[in-house]
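The values are calculated or read from the model by the stated rules, or taken from the named source; none is laboratory data. In this text, all values refer to a predicted model and were calculated from it rather than measured experimentally. Reconstructed Cβ throughout: ideal geometry from the backbone, glycine too, with neighbour counts over all protein chains shown. Surface accessibility is based on the protein's heavy atoms, side chains included, excluding ligands, DNA and RNA. Shrake-Rupley method; radii C 1.70, N 1.55, O 1.52, S 1.80 Å.
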Amino acid sequence: CQNQRVFLPTGLGMVAMAPALWNKNADFDSVSKAYFKDAFGSDAETVEGYMKALSEAFDPVYMRGEKPMANPENAEKLASVPSLLDQYSDLIESRMNDASLPASMRASWSYLWHHAQLCRKYALTFQRKAEGRMEEAKVLLEDLKDFAWSKEMQLHHVFDAYEFWVSMNRYFVRKGLL
């Protein structure tokens, strides 16, 4: 009853849920800081900032379908995603290939890299939707699906491509786009 492969780009959600199950006053910020330090070492604050900036670009209210489908404000936010990803790509690539880092940290950086590739396609798909360019969004959605499935063998232990596709398909069907 609990999804298990929900660790892309990070395992923060599960790590934060654990103490909260036993202590309703668990401090999310301290759990988050400790998690990012363990996963990304001295770059913890940089990665945490990157994840926050990425979250802001993917407005949760819009992504849940609670704002109008055609939405110039969200189209603009989503259009900013590629430059945000580019801003961090050199750091991510260098750290995921840094043999001086523990294997667990290199894996964390590798997951960020894969997530960035997925986000690039995801953002463009939803940007086209927000621009009202639904036919393009449908084509991009198929490309997003194919990309997610192509990563299944590499990421199956942290990312459930099937659940991702079911969720995307359900969303687009519910909105009458498929």
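Things worth noting here:
- Unit charges on C-beta of K, R, D, E only; dipole of the chain, Debye: 540 debye
- Cβ-derived FRET efficiency at R0 22 Å, V166 paired with L21, nearest 0.05: 0.25
- Members of K52/K138; K77/K138; K33/K77; K121/K151; K67/K145 lying beyond 18 Å, as alpha-carbon distances in this model show: K52/K138; K77/K138; K33/K77; K67/K145
- Shown here is the pair-distance distribution of region 1-148: with all Cα-Cα distances grouped in 5 Å bins from zero up to the longest one, the shares run 2, 9, 16, 18, 18, 16, 12, 7, 2, 0 percent.
- Radius 12 Å from Cβ of H156, net charge of other residues (Lys, Arg +1; Asp, Glu -1): -1
- Column: log10 I(q)/I(0), Debye, Cα scatterers of region 85-168, q = 0.11, 0.26 Å⁻¹: -0.36, -1.20
- In this structure region 42-158 gives 51 Å² per residue of accessible area when probed at 1.4 Å with all protein chains present.
- Split the accessible area of the chain by element, probe 1.4 Å, and carbon with sulfur accounts for 55%.
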